[in-house]
1. I need the full set of residues from segment 36-67 which are open to solvent by 50 Å² or more (accessible area, probe 1.4 Å) and either of a type outside the set (D, E, K, R) or without any contact (Cβ under 8 Å) to a residue 12 or more places away in the chain (or both), in order please.
2. Taking into account only those residues within segment 71-105 that are of a type in the set (S, T, N, Q) and open to solvent by 80 Å² or more (accessible area, probe 1.4 Å), which is nearest to A58 (Cα to Cα)?
Amino acid sequence: MTAPDAEPAPEPAGPGGPEPSEPAGPASPADRELSVRERAVLALERRSWAGPGAKERAIREELGISPVRYFQLLNALIEDERALREDPVTVNRLRRLRAARRERR
(Lines give C-alpha, C1' and ligand atoms only; values in the text may rest on other atoms or scores of the structure.)
Protein backbone atom coordinates (compact mmCIF):
# COMPACT_ATOMS: atom_id res chain seq x y z
CA MET A 1 0.00 0.00 0.00
CA THR A 2 1.28 3.47 -0.82
CA ALA A 3 1.18 6.54 1.34
CA PRO A 4 -1.54 9.09 0.49
CA ASP A 5 1.11 11.68 -0.48
CA ALA A 6 3.04 9.36 -2.78
CA GLU A 7 2.88 9.96 -6.52
CA PRO A 8 1.52 7.12 -8.62
CA ALA A 9 4.03 5.25 -10.73
CA PRO A 10 4.17 6.49 -14.32
CA GLU A 11 2.25 4.38 -16.76
CA PRO A 12 4.16 2.80 -19.61
CA ALA A 13 3.90 4.65 -22.90
CA GLY A 14 1.33 3.18 -25.22
CA PRO A 15 0.89 3.69 -28.93
CA GLY A 16 1.32 7.34 -29.77
CA GLY A 17 2.71 8.08 -26.33
CA PRO A 18 6.07 9.68 -25.61
CA GLU A 19 9.16 7.69 -26.42
CA PRO A 20 11.57 7.06 -23.55
CA SER A 21 14.21 9.30 -25.17
CA GLU A 22 11.85 12.31 -25.36
CA PRO A 23 11.67 14.81 -22.48
CA ALA A 24 8.70 14.29 -20.18
CA GLY A 25 7.46 17.89 -20.23
CA PRO A 26 7.75 21.04 -22.31
CA ALA A 27 11.22 22.48 -22.66
CA SER A 28 12.10 25.45 -20.51
CA PRO A 29 12.33 28.82 -22.35
CA ALA A 30 16.13 28.73 -22.14
CA ASP A 31 16.22 25.30 -23.81
CA ARG A 32 13.86 25.94 -26.69
CA GLU A 33 15.14 27.23 -30.00
CA LEU A 34 14.45 30.64 -31.47
CA SER A 35 11.22 31.00 -33.40
CA VAL A 36 11.15 31.58 -37.15
CA ARG A 37 10.27 35.24 -36.53
CA GLU A 38 13.13 35.70 -34.06
CA ARG A 39 15.57 34.21 -36.55
CA ALA A 40 14.18 36.47 -39.29
CA VAL A 41 14.69 39.54 -37.08
CA LEU A 42 18.33 38.58 -36.50
CA ALA A 43 18.85 37.88 -40.21
CA LEU A 44 17.42 41.26 -41.16
CA GLU A 45 19.62 42.97 -38.58
CA ARG A 46 22.74 41.31 -40.04
CA ARG A 47 22.21 42.99 -43.40
CA SER A 48 23.57 46.38 -44.43
CA TRP A 49 21.24 49.06 -45.78
CA ALA A 50 21.72 51.26 -48.84
CA GLY A 51 19.84 54.35 -47.77
CA PRO A 52 17.34 55.88 -45.42
CA GLY A 53 14.05 54.05 -45.26
CA ALA A 54 15.34 50.83 -46.86
CA LYS A 55 15.46 48.95 -43.55
CA GLU A 56 12.00 50.13 -42.47
CA ARG A 57 10.58 49.12 -45.85
CA ALA A 58 12.19 45.66 -45.57
CA ILE A 59 10.79 45.25 -42.05
CA ARG A 60 7.27 45.90 -43.29
CA GLU A 61 7.57 43.85 -46.48
CA GLU A 62 9.55 40.86 -45.24
CA LEU A 63 8.35 40.51 -41.67
CA GLY A 64 4.92 42.10 -41.97
CA ILE A 65 5.33 44.12 -38.78
CA SER A 66 5.86 47.78 -37.98
CA PRO A 67 9.37 49.09 -37.36
CA VAL A 68 8.36 49.89 -33.76
CA ARG A 69 7.40 46.25 -33.14
CA TYR A 70 10.58 45.10 -34.88
CA PHE A 71 12.76 47.13 -32.52
CA GLN A 72 10.79 45.86 -29.52
CA LEU A 73 11.47 42.27 -30.62
CA LEU A 74 15.10 43.09 -31.38
CA ASN A 75 15.68 44.66 -27.94
CA ALA A 76 14.26 41.54 -26.29
CA LEU A 77 16.50 39.35 -28.45
CA ILE A 78 19.61 41.31 -27.42
CA GLU A 79 19.02 40.07 -23.87
CA ASP A 80 18.16 36.50 -24.89
CA GLU A 81 20.96 33.96 -24.41
CA ARG A 82 19.43 31.77 -27.14
CA ALA A 83 19.94 34.62 -29.61
CA LEU A 84 23.53 34.98 -28.45
CA ARG A 85 24.12 31.28 -29.12
CA GLU A 86 22.40 31.54 -32.52
CA ASP A 87 24.19 34.65 -33.80
CA PRO A 88 26.91 35.86 -31.42
CA VAL A 89 28.44 38.37 -33.85
CA THR A 90 25.18 40.27 -34.42
CA VAL A 91 24.02 40.13 -30.79
CA ASN A 92 27.37 41.27 -29.42
CA ARG A 93 27.53 44.11 -31.98
CA LEU A 94 24.07 45.27 -30.92
CA ARG A 95 25.00 45.05 -27.25
CA ARG A 96 28.11 47.20 -27.88
CA LEU A 97 26.06 49.80 -29.80
CA ARG A 98 23.48 49.95 -27.02
CA ALA A 99 26.19 50.36 -24.36
CA ALA A 100 27.83 53.16 -26.37
CA ARG A 101 24.47 54.98 -26.70
CA ARG A 102 23.91 54.69 -22.96
CA GLU A 103 27.34 56.10 -22.21
CA ARG A 104 26.67 59.15 -24.40
CA ARG A 105 23.56 60.03 -22.39
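1. Scanning segment 36-67 gives V36, R47, S48, W49, A50, P52, E56, R57, R60, E61, G64.
2. Selected residue: Q72.
The values are calculated or read from the model by the stated rules, or taken from the named source; none is laboratory data. Bear in mind that the values here come from a model prediction, so they are computed numbers and not experimental data. All Cβ positions, even for glycine, are placed from backbone atoms using ideal geometry, and neighbour counts span all protein chains on display. In case anyone asks, the SASA skips ligands and DNA or RNA and just uses the protein heavy atoms, side chains included. Shrake-Rupley method; radii C 1.70, N 1.55, O 1.52, S 1.80 Å.
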